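Since the structure comes first, as structure tokens, the remarks are kept for the end.
The values are calculated or read from the model by the stated rules, or taken from the named source; none is laboratory data. Computed from a predicted model, the values in this text were never measured in an experiment. Reconstructed Cβ throughout: ideal geometry from the backbone, glycine too, with neighbour counts over all protein chains shown.
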Amino acid sequence: MFRQIFVNLPIKDMARSQAFFKSLGLNFNRQFTNEQGACLEVGENIFAMLLVEPFFQGFTKLPISDAKKATEVLIALSVDSRAQVDEVVAKAVAAGATTPNAPMDHGFMYQHGFADLDGHQWEVFWMDMSAAPAQM
């Protein structure tokens, strides 16, 4: 099994992106943060590397997607309660994010999400595993 995940995301403005995620209560690992990239601590062993576009481009020969025009990835993060889903999304919107979709209530799972300042979509969800269907 894998031990950690690092999602690499292209960003346009380092200071603006760091301020946005700090407003959500998240921290950055200073050891792996500079003007080219910032290691966002999303959870235990869960990280997002925010890389300014020219630096990000050095890791791929393909063009960088514009996340405001095409979906590149959906990042889904679980939280401890339905209320926490709404809290996180509200903080993100207050910091400049948009909500591309309305909240969805599936009974056993509640989700809502936001698009950050660069258009990356973050889905926040709570799930009651004991109420989840046997097969999906």
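Just give me the residues in the range 94-110 being assigned to a loop (DSSP other than H, G, I, E, B), of a type in the set (A, V, I, L, M, F, W, C) and closer than 12 Å to PHE20 by Cβ, in sequence order. ALA95, ALA97 - these are the residues of the range 94-110 that are assigned to a loop (DSSP other than H, G, I, E, B), of a type in the set (A, V, I, L, M, F, W, C) and closer than 12 Å to PHE20 by Cβ. Being aliphatic (A, V, I, L, M) and outside the structural domain of TRP126 (by TED's automatic domain parsing) is true of ILE46.
Inspection of the range 97-106 finds no residue satisfying the criterion of being out of contact with any helix residue (DSSP H, G or I) (no Cβ under 8 Å at 6 or more places or on another chain) and closer than 18 Å to PHE6 by Cα. For the range 9-42, filtered to residues that are over 13 Å from the mean Cα position of the chain (by Cα) and within 14 Å of GLU53 (Cβ to Cβ), the residue that is surrounded by the fewest Cβ atoms within 10 Å (Cβ to Cβ) is GLU35.
Within the range 46-74, the set of residues being among the aliphatic types (A, V, I, L, M) and buried (at least 17 other Cβ atoms within 10 Å of the Cβ) comprises ALA48, MET49, LEU50, LEU51, VAL52, ALA67. Answer yes if at least one residue in the range 65-85 is in a helix (DSSP H, G or I), modelled with pLDDT of 95 or more, within 16 Å of the chain's Cα centre (by Cα) and under 26 Å from ALA132 (Cα atoms), and no otherwise. The answer is yes, given that some residue of the range 65-85 is in a helix (DSSP H, G or I), modelled with pLDDT of 95 or more, within 16 Å of the chain's Cα centre (by Cα) and under 26 Å from ALA132 (Cα atoms). Checked against the criterion of being among the polar types (S, T, N, Q), part of a loop (DSSP other than H, G, I, E, B), free of Cβ contacts under 8 Å to residues at least 24 places away in the same chain and not assigned by TED's automatic domain parsing to the domain that holds LEU26, the range 119-134 contains not a single residue that satisfies it.
Among the conditions (1) within 19 Å of the chain's Cα centre (by Cα); (2) at pLDDT 95 or above, the only one that GLN57 does not satisfy is (1).
Suppose the filter is of a type in the set (Lys, Arg) and part of a helix (DSSP H, G or I); does LYS91 pass it? Against the criterion (of a type in the set (Lys, Arg) and part of a helix (DSSP H, G or I)), LYS91 qualifies. Of all residue pairs spaced 6 or more apart or on separate chains, those with beta-carbon atoms under 9 Å, a first member in the range 5-21 that is without any contact (Cβ under 8 Å) to a residue 60 or more places away in the chain and a second member that is assigned to a helix (DSSP H, G or I) and among the hydrophobic types (A, V, I, L, M, F, W, C) are ASN8/PHE56. Taking the criterion of being in contact (Cβ under 8 Å) with a residue 40 or more places away in the chain and of a type in the set (D, E, K, R), the residues of the range 83-118 that qualify are LYS91, ASP116, ASP118.
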